[in-house]
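A short worksheet on the structure shown next.
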Amino acid sequence: MGFELTEEQRLIQSMAREFAINEVAPLAERIDRDGEFPTVARNRLAELELTGIPTPAEYGGGGADYVSYALVIEEIAKVCASTAVVLAVHTLAQAPILKFGTPEQKAKFLPMLAGYKALGGFALTEAGAGSDAGALATTAVLEGDHYVINGTKTFITNGDGAGVMIVMAKTGPGEGTKGISAFIVEKNESPYTVGKHEDKMGVRGSHTTELIFKNCKVPKENLLGKIGQGFKVAMATLDGGRIGIAAQAVGIAQACLDESVRYSKERKQFGRPIAANQAIQWMIADMAKDVLAARLLVHNAAALCDSGQPFSLEAAAAKLFAAETAMKHSIKAVQINGGYGYIRGAKVERLMRDAKITEIYEGTSEVQRMVISGMTLR
Ligand code: CAA
């Protein structure tokens, strides 16, 4: 693949950058401090037609490619990782409908999500099924025209605001991953209860909740894909989702680099800027090198996805490397910023807390290594 961005990709990148700097950055500290859902930013994202970037235009989406999507997520994550993950999960919820949905499901739900008439979510994780996603216990039983869903989901991003939730549940107990099916659950039509709100270390503006399904009746036409295909639906969705989280991590890492460069040129000790010290220069060199490599891995996975080639391994590699880059260098950025970087309200302090989650959600770094080693050794 070539690594030059197209004219269209550059345009969407600069539009997202301008929006992020002018409209999201001023809200970012408050979003983090108060755990405030980025409503204003989200509404503007919809106006700018960024709420369904890779969803085809015929379904009300942006009709752009995954490279463009990654560019937008990176730009937003540079200023506010919370807003970036809200957008990433909203976009993730559209992917399985596009890939596995019936024509009726696509016509109904994609314009709703891409046009931001409803926020999207993805409910796979449960208390006993995190990395071992196949171990979920939520059940869905067909009764007449409806599936009846019972169970509790945990750590669900956009859990309290989502109007359309992709829910994975057991339809064939005892059949392992082949006994799982996926459903499109519309909150208005199939009410469920939003449980505990998690008080998180980072990405505090993205709301993470429990979802409790108690005899939740979902029309049988909302089965997504075939019966028993839900695990594959979830895994294929996460392949694309991991590109989004990897792009978020690149944005966080780039912001760490930018803050380190800015501060090390401004801060004077021993009569000269600390950037004059080789100790700082080498930290900055390693940051710059890793950010560049992480971005190339993200664009590589996105370009493979765009060209219809397999990209599971490449997405896992991008997510693993970008997340570890963000975490490692956010610690260095705090170190370079010294005491000032350790104070609440310092950008690098927030970046360090936000970086950590990229090593955990949408598959931990250990899960990414399982995916990469499994595919490399098979
Ligand atoms: N695409 C399509 N199918 C896939 C697939 C993929 N990428 N990966 C696996 N499958 C299929 C396999 O081919 C297999 O099918 P067959 O039996 O027909 O061959 C089936 O799924 C089972 O595969 P495995 O045996 O590999 O499954 P496993 O139980 O060993 O689990 C795992 C593999 C990679 C560890 C998986 O459980 C996993 O990814 N776990 C992490 C879950 C995760 O990422 N959760 C994130 C939650 S969402 C989130 O975080 C959003 C947010 O808030 C930001």
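Couple of notes before you dig in:
- Under-5 Å amide H pairs with LEU119, H placed in peptide plane, nonlocal only: GLY163, VAL164
- Measuring nothing but how far apart in sequence close Cα pairs (under 8 Å, 6+ apart) lie, relative to its length, the chain scores a relative contact order of 16 percent.
- Among the trypsin sites (Lys or Arg not before Pro) found in segment 219-277, those both in a DSSP coil and sparsely packed, with 14 or fewer other Cβ atoms within 10 Å of their Cβ, are LYS226.
- For segment 203-297, taking Cα atoms only, Rg and Dmax work out to 22.7, 72 Å respectively.
- Each part reduced to its alpha carbon centroid, segment 298-315 and segment 349-378 end up 17 Å apart.
- The chain: most fluctuating residue of LEU223, LEU27, LEU142 per GNM, C-alpha cutoff 10 Å: LEU142
- FRET efficiency for GLU7 and LYS328, using Cβ-Cβ distance with R0 set to 35 Å, rounded to 0.05: 0.55
- Average projection area in nm² (convex hull over Cα atoms of segment 251-302, one quarter of hull surface): 3.4 nm²
- Gyration tensor (alpha-carbon) shape descriptor, segment 215-255, a/c threshold 1.5: prolate
- The spacing between segment 84-110 and segment 228-260, judged by their C-alpha centroids, is 16 Å.
- Hits among lysines - C-alpha to C-alpha of LYS356 under 16 Å, sequence gap 8 or more where chains match: LYS78, LYS200, LYS319, LYS328, LYS332, LYS347
- 3J(HN,Hα) along segment 21-36: 5, 7, 10, 9, 3, x, 9, 4, 5, 5, 4, 6, 4, 9, x, 7 Hz, from the Karplus curve 6.51 cos²θ - 1.76 cosθ + 1.60 with θ = phi - 60°, whole Hz, x for Gly and Pro.
- Between the beta carbons of LEU292 and LEU142, assuming R0 = 56 Å, the FRET efficiency works out to 0.65 to the nearest 0.05.
- Anisotropy class of segment 1-113 from Cα gyration tensor, a/c 1.5 cut: oblate
- Whole-number D in µm²/s for segment 242-331 (Stokes-Einstein; Kirkwood sum over Cα pairs; 4 °C, 1.567 mPa s): 94 µm²/s
- Across every direction, the projection of the convex hull enclosing the Cα atoms of the chain has a mean area of 18.7 nm².
- Estimated [θ] at 222 nm from DSSP helical runs (n ≥ 4, -39500 (n - 2.57)) normalised by residues in the chain, nearest 500: -17500 deg cm²/dmol
- Chymotrypsin sites (Phe, Trp or Tyr not before Pro), loop per DSSP, at most 11 other Cβ atoms within 10 Å - longest free stretch of the chain: 4-269
- With Cα atoms defining each centre, segment 43-83 and segment 150-164 are spaced 22 Å apart in the structure.
- Surface/4 of the Cα convex hull for segment 82-158, nm²: 6.3 nm²
- Segment 183-236 shape via C-alpha gyration tensor axes, a/c threshold 1.5: oblate
- ³J(HN,Hα), Karplus 6.51/-1.76/1.60, whole Hz, each residue of segment 132-142, x for Gly, Pro: 8, 4, x, 8, 5, 10, 4, 10, 9, 10, 6
- Footprinting exposure proxy ranking of THR193, THR171, THR51, THR177, fewest other C-beta atoms within 10 angstrom first, gives THR193, THR177, THR171, THR51.
- Translational diffusion of segment 112-230, µm² s⁻¹ [Kirkwood Rh, Cα pairs; Stokes-Einstein; 10 °C; 1.306 mPa s]: 111 µm²/s
- Residues of type aspartates and glutamates that LYS99 reaches as a straight line, Cα spacing below 20 Å, ignoring anything fewer than 8 places off in the same chain: GLU58, ASP65, GLU186, GLU221, ASP239, ASP306, GLU314, GLU362
- Legend: Rg and Dmax of segment 269-378, from Cα coordinates, 17.0, 58 Å.
- Rounded to two decimals, the Cα radius of gyration of segment 38-80 over 2.2 N^0.38 Å is 1.15.
- Dipole orientation for segment 248-294: of the candidates GLN278, CYS256, ALA293, GLN278 has the Cα lying most toward the positive pole (charges on Cβ; Lys, Arg +1; Asp, Glu -1).
- For the chain, a Gaussian network of Cα nodes joined below 10 Å ranks ALA57, ALA81, ALA137 by mean-square fluctuation, and the top entry is ALA57.
- Note on THR364 and GLN269: with the Förster distance fixed at 41 Å, the Cβ-Cβ geometry gives a FRET efficiency of about 0.60.
- Among GLY251, GLY62, GLY338, the residue with the largest mean-square fluctuation in a Gaussian network model of the chain, with springs joining Cα atoms closer than 10 Å, is GLY338.
Read-outs: derived from the displayed coordinates by stated rules, not from any lab. Treat the numbers as computed from the prediction; the structure is a model and nothing was measured. Counting neighbours? That spans all protein chains shown, and the Cβs are built from the backbone with ideal geometry, glycine included.
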